[in-house]
1. Calculate, for Met67 and Ser6, the FRET efficiency according to 1/(1 + (r/R0)^6) with r their C-beta to C-beta distance and R0 30 Å; round to the nearest 0.05.
2. Volume per residue, Å³, of the convex hull around the alpha-carbon atoms of the chain?
Amino acid sequence: MYSFLSIEMRNITAENTFRGPKSFYESEFRFSDSNLGTKVQFLGKETITVGNIELDFSLNYSGGFVM
């Protein structure tokens, strides 16, 4: 799973700079991310599923620009 996550995290886009793309698939693994906000203040949740089973892995995150 960690190799899957490392591939996903290298796919950050200009539209979604917080944790990588909103969704990413490889083999039976699926990553999904939902977030709100801007670089100044944001929050989100990411989830990983394998097949139709959601793993006990989800991450709630928040952050923002620090002056």
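Every number in this text was worked out from the coordinates using simple rules, so none of it is lab data. What you see is a predicted model, and the numbers here were worked out from it, not measured in a lab. We place every Cβ from the backbone using ideal geometry, glycine too, and count neighbours over all the protein chains shown.
1. Result of the calculation: an efficiency of 0.45.
2. Roughly 87 Å³ of hull volume per residue.
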